[in-house]
Amino acid sequence: MKNIFYSNQLFVSIRKYSLLLLCLIPTAGIKARVEQGKTPVDYVNPCVDTHKSRWFYFSSASRPYGMVSLSPDTWVKGGWNSGYLYDSTEVRCFSHVHCWQISGVPVMPTTGEITGHKGMEVYKSGFSHDTEIVKPGYHQIILDKYGIKAELTATSRVGMHRYTFPQKETANLLFDVGALLGDGAMEKAAIRRISAKEIGGYAVMAPTSRRKRTCTVYFIAQFNRAISEFGGWEKVDKDKQLTTKQALEGEDIGGYVRFKRLGNAPLLMKVALSYVSEEQARLNLKAELNHWDFDRTVEDSYAEWNHELGKIQVEGGTEQEKIKFYTDLWHALLGRHTYSDANGKYTDHTSDIPKICQVPLVKGIPTRNVYNSDALWGAEFNLNILWSIAYPKIMSEFVSTMVGYYPTGGLVARGPSGGNYTFVMVGDQAIPLIAAAYNKGIQDFNLNDALAGSIKNAEPGGIRDHAGYETDANKYMTHYIEKGFVPENIPGKGSHREGCAMTLYFAYQDWCLSQLAKGMGNDSIYRKYYNRSFNYRYMFDAQTGWMRPRTQDGSWLKDFAPIGKGFNMPGFVESNAAIFTYYVPHNLPDLIHMLGGKNTFVDKLNQQFEWAAPYNFISPHGQHAQNWVDYENQPSLHMAHLFSHAGAPWLTQYWVRKIKQDVFGDITPYGGYNGDEDQGQMGALGVLMAIGLFDVQGGASTEPRYEITSPIFDKITIQLDNRYYAGKEFIIEVKNNAKENVYIQSARLNGQSLNTYYFPHSELIKGGKLEIELGPKPNTAWGIE
């Protein structure tokens, strides 16, 4: 039945492919960007895999890592299947925040009577993809119900709207600021008229099961026309009623502005955000958008996206491969969002009383941003590698964001949302990022706090003692230290409390901490955590040949099998034993030995890929226990690269190419990321597979390196950041590149023969050239250690 499902899905994708092309049409009325050829932004297709979006997935009118993530919402309820859904062609609002666990400031243009108090299901409007234009930093939709052309763009912290109304209609803008959006309801909201051309307000997001405290987003909205009428709606005896009050505050309130007939002239609006105050929102507006030129803002957005996307330039390959590549890279640069203001202020919610914090300044200019972020669970196999290659400044800022919560909250964060811990997922996901940054020479963060906070996280009472969304510290680390492993069925209220997976994560994270300490010259800390990094051995059952959960008395968990059904098997976070057995990224030689040596390891792993191939190498989301390989979710993302470590790099080359095409190659709204693109992680993995670079250890070693697979492009040019790296660019040139030529025949690094399947990071950052020759048959003599 699974194969039939994929056939039907392919049929639907082909049938609707023509609609997808509309998302790539450049907008009329905006100055031509390129006279000859295409730039990276021209290849980005935001509509890829939007049929089943998460709230934070789609943000068309946004800058790289922007605070504003403005886009149409076709469905607003829930964190899953919400936001922009390609097959739901009714716009309910245009909201400005699409972050993990955070949302806010919905706006809807209408004509005629004010219907905001009746809710989105009344004032929503249909639209057609035939008249829709979607590009990074720009979105156009025609609202059929009202005959309004809506256009959106943005700076980092300011959304800009341009609405063209029918000439004979009164223009309305509804601000449904108290409405439910995304992951939860608004606890309360406020909106008020400030002047003839300005309104302001805020929305307090109620706590969620993941974001435990409230989060407030403030806004200032300015118009290029004087308001002719301001009012709103509020609850009266449980019903919402219209009012002409000039200021409203409370639960489920909203406001509206009306303008006299505008004729042919469009209505322009700027909406600035801040998580600190209205005054800070106004400061962001003045700092980033002090004019009313909409087309210029679009052009500036394109230019910024081209600058960031252009840090990796590709030549050759098919048109579809280029579209997917730059869409992948766009996702990697879009998925997590700025939390601090233009002057570096942000709100810390780690204590009962919110604290306004300030990032360091140099000559009055913030040295970095602070970010909202979902977990970095699995980022060692994607973002950590990509950021360190082409975006080291972003990597540094994310390290500072995570470490910045240690002085105020006592822990290095692993997924901060709204200025607070969320305890999303499991373990200490910041330490692989921190170690990789430090050992790659990205060291402009608070080194003392990074080491001290990481040690705190790795001991009882630290962040590892908080399983998924578990607010109070548990006893996982006590068991881990005393027994060498985390047993199953420890009482607790959190999620993702599977002990075998915890043990494997903790062991890798201990190794990452040891590498950070070693790089910093702290031998005692290095030795302590290096010794603990072997605790994965307690989980290996030699009789079955799999990692296997243990109970509190040390005995093996009964009724064990390598795969199962459902969300996860006992002992394994969103996965199973068949996948987590290979989660020893820091000591693969030892794992290979435990599994019977190189030949046995290769045969076992290759058999799993063969078994997984008929199911497209994924499990349906929410059913992660049932496949032998699962490239829909993080625990599996390194598996195709493991063959190189066991003496069969040609199998890594084969399976990586196949997965890149079969799992991540689709560019329609019905595939490409398989339903769960965790804030750019799958996009980053796609980029790495396309350019043929990876690192199973996540870059955390004191001697980081890059493993080579066969790129899909003829030439890749990586621009190096001279703030961190000495070289200008690193070039990968591929000879005999073709769909059938997936195997590396030979390689040269800076003119010298390269016979290993890897080369050191120190060579990449000096700049230079890697030359790879491909062929249709494996060269089983190349890349063997």
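Some notes on this structure:
- Restricted to strands (runs of 3 or more DSSP E) entirely inside the stretch 244-336, those with at least 1 residues that are assigned by TED's automatic domain parsing to the domain that holds residue 197, within 30 Å of residue 195 (Cα to Cα) and touching a residue at least 60 places away in the same chain (Cβ under 8 Å) are 247-250, 254-259, 267-274.
- Reported count of residues in the stretch 122-151, each being of a type outside the set (Ser, Thr, Tyr) and under 22 Å from the mean Cα position of the chain (by Cα), is 5.
- Helices (runs of 4 or more DSSP H) within the stretch 553-659 that include 3 or more residues among the polar types (S, T, N, Q): 598-612
- Lone qualifier among 151, 169 - being of a type in the set (D, E, K, R), in a strand (DSSP E or B) and either touching a Phe, Trp or Tyr at 6+ places or on another chain (Cβ under 9 Å) or at pLDDT 95 or above (or both): 151
- Positions within the stretch 49-65 being surrounded by 24 or more Cβ atoms within 10 Å (Cβ to Cβ) and farther than 17 Å from residue 309 by Cα, in sequence order: 49, 50, 53, 55, 56, 57, 58
- Selection of strands (runs of 3 or more DSSP E) fully inside the stretch 51-121 by the criterion of at least 1 residues being over 20 Å from the mean Cα position of the chain (by Cα) and either among the aliphatic types (A, V, I, L, M) or closer than 30 Å to residue 244 by Cα (or both) returns 93-99, 102-111.
- Scanning the stretch 422-434 for any residue that is surrounded by 24 or more Cβ atoms within 10 Å (Cβ to Cβ), among the hydroxyl-bearing types (Ser, Thr, Tyr) and in a helix (DSSP H, G or I) turns up nothing.
- Candidate set from the stretch 482-511 (those that are surrounded by fewer than 24 Cβ atoms within 10 Å (Cβ to Cβ), under 22 Å from residue 471 (Cα atoms) and small (Gly, Ala, Ser)); member that is modelled with the lowest pLDDT: 494
- Residue selection: residue 336 satisfies the criterion of being touching an Asp or Glu at 6+ places or on another chain (Cβ under 8 Å) and within 25 Å of residue 469 (Cα to Cα).
- Failed item in (1) in a helix (DSSP H, G or I); (2) farther than 21 Å from residue 575 by Cβ; (3) in contact (Cβ under 8 Å) with a residue 12 or more places away in the chain, with residue 686 passing the rest: (2)
- For the residues 124, 145, 149, the requirement of being within 30 Å of residue 211 (Cβ to Cβ), of a type outside the set (A, V, I, L, M, F, W, C) and in the same structural domain as residue 251 (by TED's automatic domain parsing) singles out 124.
- Per the listing 189, 196, the residue uniquely surrounded by fewer than 21 Cβ atoms within 10 Å (Cβ to Cβ) and either outside the structural domain of residue 261 (by TED's automatic domain parsing) or not β-branched (Val, Ile, Thr) (or both) is 196.
- Scan of the stretch 405-414 for residues that are among the small types (Gly, Ala, Ser) and surrounded by 24 or more Cβ atoms within 10 Å (Cβ to Cβ), ordered by number: 413
- When 718, 691, 708 are checked against the criterion of being of a type in the set (Val, Ile, Thr), touching a Gly at 6+ places or on another chain (Cβ under 8 Å) and closer than 18 Å to residue 765 by Cα, 708 stands alone in meeting it.
- So residue 145, is it at pLDDT 95 or above, assigned to a loop (DSSP other than H, G, I, E, B) and surrounded by fewer than 17 Cβ atoms within 10 Å (Cβ to Cβ): yes
- Residue in the stretch 344-356 that is within 30 Å of residue 163 (Cβ to Cβ), touching a residue at least 60 places away in the same chain (Cβ under 8 Å) and among the aliphatic types (A, V, I, L, M) present: no
- Residue match in the stretch 521-542 (condition: in contact (Cβ under 8 Å) with a residue 60 or more places away in the chain, outside any helix (DSSP H, G or I), over 22 Å from residue 628 (Cα atoms) and not small (Gly, Ala, Ser)): yes
- Within the stretch 199-226, the set of residues being over 32 Å from the mean Cα position of the chain (by Cα) and surrounded by 19 or more Cβ atoms within 10 Å (Cβ to Cβ) comprises 199, 223.
- Flag if residue 342 is over 30 Å from residue 767 (Cβ atoms), out of contact with any Cys (no Cβ under 9 Å at 6 or more places or on another chain) and not assigned by TED's automatic domain parsing to the domain that holds residue 163: yes
- Residue ID - nearest to residue 308 (Cα to Cα), chosen from residues in the stretch 701-760 that are acidic (Asp, Glu) and either assigned by TED's automatic domain parsing to the domain that holds residue 382 or not in a strand (DSSP E or B) (or both): 721
- Of residues in the stretch 522-537 being in contact with a Phe, Trp or Tyr (Cβ under 9 Å, 6 or more places away or on another chain) and buried (at least 19 other Cβ atoms within 10 Å of the Cβ), the one nearest to residue 571 (Cα to Cα): 536
- Filter pass, residue 229 being free of Cβ contacts under 8 Å to residues at least 40 places away in the same chain, within 24 Å of residue 62 (Cα to Cα), more than 33 Å from the chain's Cα centre (by Cα) and surrounded by fewer than 23 Cβ atoms within 10 Å (Cβ to Cβ): no
- Flag for residue 598 being charged (D, E, K, R), free of Cβ contacts under 8 Å to residues at least 60 places away in the same chain and over 30 Å from residue 208 (Cβ atoms): yes
- Some residue of the stretch 553-561 being surrounded by 16 or more Cβ atoms within 10 Å (Cβ to Cβ), on the phi < 0 side of the Ramachandran plot and within 32 Å of the chain's Cα centre (by Cα): no
- Residue that is loosely packed, with under 15 Cβ neighbours inside 10 Å and over 24 Å from residue 646 (Cβ atoms), where the choices are 727, 768, 751: 751
- Residues satisfying the stated conditions in the stretch 357-373, i.e. among the aliphatic types (A, V, I, L, M), exposed (fewer than 13 other Cβ atoms within 10 Å of the Cβ) and in contact with a Ser or Thr (Cβ under 8 Å, 6 or more places away or on another chain): 361
The values are calculated or read from the model by the stated rules, or taken from the named source; none is laboratory data. None of the values given here were measured: they were computed from a predicted structure. Virtual Cβ from ideal backbone geometry, glycine too; neighbours counted across all protein chains shown.
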